[in-house]
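Visitor: Just passing along the structure, written as C-alpha cells.
The values are calculated or read from the model by the stated rules, or taken from the named source; none is laboratory data. All values derive from a computational prediction rather than experimental measurement. Positions of Cβ are backbone-derived with ideal geometry, glycine not excepted, and every protein chain shown enters the neighbour counts. Accessible surface areas use protein heavy atoms only, side chains included; no ligands, DNA or RNA. Shrake-Rupley method; radii C 1.70, N 1.55, O 1.52, S 1.80 Å.
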Amino acid sequence: MSAQSSGRRAVPVARRRFLAGAVALGGLALGCEPSSNNGNPDSSPKPEPPDPESPDSESPFTLGVASGEPRPGGVVLWTRLAREPLDGGGMPRRDLEIEWEVAEDERFAKVIARGPGIATPLFAHSVHVAVNGLRPARWYWYRFRSGKHLSPVGRTRTAPAIGSSPDRFRFAFVSCQDYQAGLYTAYEHLAGEDVDLVVHLGDYIYEYGVRSGNPVRRHEGAEVTDLQGYRNRHALYRSDPHLQHAHAQFPWMVTWDDHEVANDYADAAAQEPKSPDSFLKRRSAAYRAYYEHMPLRRSSLPQGPDMRIYRRAQFGDLVHISMLDTRQYRSDQPCGGAIQPRCAEALSESQTMTGPAQERWLLQNLDRSPARWNIIGQQIMLAQFKAGNGAEALFNMDAWDGYAAARARLLAFMANRKPSNPVVITGDVHSSWVNDLETNFDDKTSSVVGTELVGPSISSELPPPFELAVEAARADNPHSKFFEGSSHGYVLCDVDRRRMRSDYRVVSDVTTPGAPVSTLASFEVADGRAGAHPG
Ligand SMILES: [Fe+2]
C-alpha cells in the first residue's frame, strides 16, 4: 500500500483476511510504479537486512507518523518503515505487511477503523492510507504495526462537514526549514499550540551539500540529485524529534517550493544551464521522494517528472484553502533571474507562474467558493517589492515581480469578481511580512483587494545584507505594512466569522535548544475589508 489504499470502516480484521487484502493491495501498488527508478536503493548489491518480524529486529518506525489532507470523512495516514533511515532505509527488498488502526481515544480503547497495508520497496517502504468513514470535525488517534513493533501514536482531525457553518477554525503555517541553519525549536512550540491544521508552504528539505563553516547541524552528504539522495535527505529532516512531534499532533497540508528539488528551478529549467532531459530525471527523483515522505493522497502520486500537488481543502463554509504549485508549471525566471532591474520579459503576458490550467482552476475556485475566508497557500511573495525607483529599481525575478502580468490577472480578478476575503499565505523569503494586495502597487489611490501574510522561516536564514536592503526600501513600498527579518517561527491563524487573527510566533534563537516562543506581532483582517491591521 505504499502507493495508497482506500481505508475501511471499523471491523476487526482476521489474520487470513488481512493477508488476502495485503496481497490485493500489493498488486495495486505494483501497478503504480512510476517509470523512473533512478538511483533506487533496491538495485544496490547490499546483503538482505534482517526480517522485521524476527524477535531481535529493531523498530522500523524511526521517522514517526503523520496525517494530512483532512476531509469531513477522513484523512491520509502516513508512515515509512526505515531501520536505517539515512542509508536507503535498511529494510528487506520485498513488500512488507503492516496494519493500521484509528481510535476515538488516545489509549485505543475505542478503535473504530483498522486495516491491512503493504509497505513496498518501490516507494521506500512508505505507507499512505486514505481512511474514510470518519465523522466530521473530530479528533482521532492512529498508529501502525509492523511485525511486533508499534509505531508512535499520532493524532489527527477531520474537516467540518461540507455545508456546515463552523464558528471557528485555527491553523498554523510554516515554511523553510534548512536543517543546517538551525534547530526546529519552532516545531517544539507549534506542537503545543491549539490548531486544527498545519500548512507547510515549501522548502521542507534543502538539497545542498554540507555547508562550510560551522553549521548548527550537518547534512549527511553532498548535494542530492538522485532518488537515494533525496530519500536520505528527507529521512534526515524527518529524524528530528520536534518535526516528528508536530506531524504527530495535527493533520498537515503541504506544498513545495524550489529546494525540494533544486534552487530556483522553473518547470524543466534548472538554475544552471543543463539539458531539460537531465533536469527532469532529477525532478522525477525529487518528486517521488517527496511523495514518499508526505501524507498526500493518491491524486498526487507522481508520474515520472509530473506530480499534481495543487489542490483545495474545504472547512465548512468558513475557510477554503487553495494550495498552489508555483514551480512545476512556471515560465523561466525573466531578465536573467535573481534580483534585477525589470526587463520587458518580466511584464510579458506570456510569463506564467502557475501555468494556464492551474490559473483557471484557482480563479474558478475563488469564483465558486461559498467560504467566508478564501486562503491561497503558495510560496513566493505576491505583493510587489522594489528597491530603488525608476528604471534602476530592483525586483526579485523569482517572485511574482518577475511575473507581473500573471499577478495583475489574479488581482484584477479579485477586484472585479470580489471573492470573499482572499488571504494569501506565503513562505520562501525567510522573513515576516504583511502586505496589502492592490491592483496597481505604484498608484497610492489603488484599492486594496486582498491581504498577504508572509511567514517567518522555521530555521532558514535571511542574509543580513538582504534584511538591511529591505529595511532601506520600505518607504518606497507603502503597501507593505510590516517586515521583520531575523526571527524564526510560524504564524498562527485564528479564523471566525467576523475576523481572521494572525499571531507571528517566533523563537529567540535556533542555535541552542530550548529557546522560548513569543508573539512578535499580531494582525487582524476584518470580514469584508481587505488588508491587515495590528490586532
Ligand atoms: Fe527557503
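Visitor: Looking at the chain, send over the antiparallel percent of its DSSP beta bridges, to the nearest 5.
Guide: Taking every DSSP beta bridge with both residues in the chain, the antiparallel ones total about 75 percent.
Visitor: Per residue of segment 185-190, what does 6.51 cos²θ - 1.76 cosθ + 1.60 with θ = phi - 60° give for ³J(HN,Hα)? Whole Hz please, x for Gly and Pro, Karplus curve as stated.
Guide: 4, 4, 5, 4, 6, 4
Visitor: Another question about this same structure. Could you please state how large a percent of the accessible area of the chain is carbon and sulfur, counting protein chains only and using a 1.4 Å probe?
Guide: C and S atoms contribute 51 percent here.
Visitor: Something else about it: Across 10 Å bins from the origin, how do the percents of Cα pairs in segment 288-337 run, short distances first?
Guide: Reading the bins upward from 0: 20, 41, 28, 11, 1.
Visitor: Sequence-distant or interchain residues sharing an amide H contact under 5 Å with LEU197, placed H: which?
Guide: Amide H to amide H, under 5 Å and 5 or more residues apart or across chains, LEU197 pairs with ALA172.
Visitor: Can you compute 3J(HN,Hα) from phi for each residue in segment 110-123, using the Karplus curve 6.51 cos²θ - 1.76 cosθ + 1.60 with θ = phi - 60°, rounded to whole Hz and x for Gly and Pro?
Guide: Listing the rounded values in order: 10, 6, 10, 7, 8, x, x, x, 10, 9, 10, x, 4, 10 Hz.
Visitor: Please work out the C-alpha center-to-center distance from segment 208-271 to segment 391-451 and express it in whole Å.
Guide: If you average the Cα positions of each part, the centres end up 28 Å apart.
Visitor: Suppose all protein chains stay in the model; what accessible area per residue would a 1.4 Å probe give for the chain, in Å²?
Guide: Working: 19680 Å² over 535 residues.
Result: 37 Å² of accessible area for each residue.
Visitor: Multiplying the sequence separation of ASN416 and GLN364 by 0.36 nm and subtracting their Cα-Cα distance, what value in nm do you get? It would help to have the intermediate numbers written out before the result.
Guide: Details: separation 52, 0.36 × 52 = 18.72 nm, distance 1.35 nm.
Contour length minus the Cα-Cα distance gives 17.4 nm.
Visitor: Please identify every one of the GluC sites (Glu not before Pro) in segment 99-190 that sits in a loop by DSSP and has no more than 14 other beta carbons within 10 Å of its own beta carbon. Walk me through the intermediate numbers first.
Guide: On the way: sites: GLU99, GLU101, GLU104, GLU106, GLU188; in loops: GLU104, GLU106.
Sparse-neighbourhood loop GluC sites (Glu not before Pro): GLU106.
Visitor: I've got another one for you. What do you reckon, how do HIS488, HIS128 stack up by accessible area (1.4 Å probe), largest on top? Provide the component values of the computation, followed by the final result.
Guide: Details: HIS488 25, HIS128 0 Å².
Highest to lowest solvent-accessible surface, that is HIS488, HIS128.
Visitor: Right, something else. If you take every residue apart from ALA406 with its C-beta less than 15 Å away from the C-beta of ALA406, what net charge results, scoring Lys and Arg +1 and Asp and Glu -1? Walk me through the numbers before you get to the answer.
Guide: Numbers: positive: ARG327, ARG330, ARG342, ARG360, ARG407, ARG409; negative: ASP267, ASP325, ASP332, GLU345, GLU349, GLU359, ASP398, ASP401.
Cβ neighbours under 15 Å give a net charge of -2.
Visitor: Any idea what the relative contact order of segment 168-534 is, in percent, if you count C-alpha pairs under 8 Å spaced at least 6 apart? Mind dumping the intermediate values first?
Guide: On the way: 880 pairs, mean separation 66.9, N = 367.
Taking the mean separation of contacting Cα pairs over the length of segment 168-534, I get 18 percent.
Visitor: Okay, moving on. For the pair VAL216 and GLU104, how long in nm is the line joining their label points, each one 7 Å along Cα→Cβ?
Guide: That separation, rounded to one decimal, is 4.2 nm.
Visitor: Could you compute the net charge surrounding ARG501? Neighbours are other residues with a C-beta less than 9 Å from the C-beta of ARG501; K and R count +1, D and E count -1. Before the final figure, lay out each step's value.
Guide: On the way: positive: ARG499; negative: ASP494, ASP496, ASP503, GLU524.
In short, -3.
Visitor: Sort 349-358, 71-80 by packing, meaning the average of other beta carbons within 10 Å per residue, with the highest value first.
Guide: On the way: 349-358: 16.3, 71-80: 24.7.
In descending order of packing, they fall as 71-80, 349-358.
Visitor: If R₀ is 41 angstrom, what is the calculated FRET efficiency for the pair SER57 and SER278, using the beta carbon separation as r and rounding to 0.05?
Guide: Values: r = 39 Å, r/R0 = 0.95.
Here the calculated transfer efficiency is 0.55.
Visitor: Write down the radius of gyration of the chain and its Dmax, each obtained from C-alpha positions, in Å.
Guide: 22.6, 74
Visitor: To the nearest 10 square angstrom, how much accessible area does LYS418 have with a 1.4 angstrom probe?
Guide: 140
Visitor: Continuing with this model, one more query. Taking amide hydrogens as modeled 1.01 Å from N in the peptide plane, which residues meet the under 5 Å criterion relative to VAL449, leaving out close sequence neighbours?
Guide: LEU437, GLU438, THR439
Visitor: If you rank CYS335, CYS493 by how much accessible surface each has, with a 1.4 Å probe, what is the order from largest down?
Guide: Details: CYS335 25, CYS493 0 Å².
Highest to lowest solvent-accessible surface, that is CYS335, CYS493.
Visitor: Under 5 Å between amide hydrogens, which residues at least 5 positions from ALA266 or on another chain qualify, with H placed 1.01 Å from N in the peptide plane?
Guide: none
Visitor: Quote the accessible area belonging to ASP527 in square angstrom, nearest 10, computed with a 1.4 Å probe and with ligands, DNA and RNA left uncounted.
Guide: Roughly 60 Å² of ASP527 is accessible to a 1.4 Å probe.
Visitor: Using alpha carbons only, how many angstrom separate the centre of segment 286-312 from the centre of segment 350-365?
Guide: Answer, in whole Å: 19.
Visitor: Using θ = phi - 60° and the Karplus relation 6.51 cos²θ - 1.76 cosθ + 1.60, list the HN-Hα couplings for segment 421-435 in order, rounded to whole Hz, with x at every Gly or Pro.
Guide: Couplings: 6, x, 10, 8, 10, 9, x, 6, 9, 6, 6, 9, 9, 9, 10 Hz.
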